[in-house]
Amino acid sequence: MKVMVVDDEKDVELLFRQYFRKEIQQKTIEFLFALSGEDALDKLHAMQQPPEIVVILSDINMPGMNGLQLLQLVKREFPAIKVSMITAYSNQYHDAAREFGADHFYTKPLDFSTLKEEIFKG
Ligand SMILES: [Mg+2]
């Protein structure tokens, strides 16, 4: 299963690689990382179409395109991809994210056991 993580904080990649080490080794999951919404869209466009990405986990607060804008663009162009939001601010964007079709909403610091469960549950 391919999962794209979009966050302007570089450390996020390390966290995911640590918490999903076993699954990555077993190839039950493959991560792609993007550091901005623009980067994420570029990567999606560069893939074989439709992209094999099952879910995108995106930060909301990022320089340039924010996560809510990315969510809307992805839902419009790649409706099969699930998009979940990650943010340090708990409720501020919840309603907007729901309205734009976000599948899950995670707050930082990430609870990786819940995240893992929901990723595999779909
Ligand atoms: Mg951020």
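Taken together, the values in this text are just the output of simple stated rules run on the coordinates, not laboratory data. This is a predicted model, so every value here is computed, not measured. Glycine also receives a Cβ, built like all others from the backbone with ideal geometry; neighbour counts cover every protein chain displayed.
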message = Placing unit charges on C-beta atoms (Lys and Arg positive, Asp and Glu negative, everything else neutral), compute the dipole magnitude of the range 1-92 about its Cα centre in debye, rounded to 20.
response = 380
request  = Sum -39500 (n - 2.57) across every DSSP H segment of at least 4 residues in the chain, then divide by the residue count to get the 222 nm mean residue ellipticity, nearest 500.
outcome  = -11500 deg cm²/dmol
key: Stretchable slack from residue 99 to residue 69, in nm (0.36 nm times residue separation minus alpha-carbon distance)   = 9.6 nm
inquiry  = On the Cα set of the chain, report Rg and Dmax in Å, please.
reply    = 13.2, 37
query = Of the listed peptides 78-85, 66-73, 7-14, what is their order by residue-averaged count of other C-beta atoms within 10 Å, with the highest listed first?
reply = 66-73, 78-85, 7-14
ask   = When ranked by the protection proxy of mean other Cβ atoms within 10 Å per residue, highest first, what sequence do the peptides 96-102, 56-62 form?
value = 56-62, 96-102
request  = Once you have the Cα-Cα distance between residue 80 and residue 11, take 0.36 nm times their residue separation minus that, and quote the gain in nm to one decimal.
outcome  = 22.0 nm
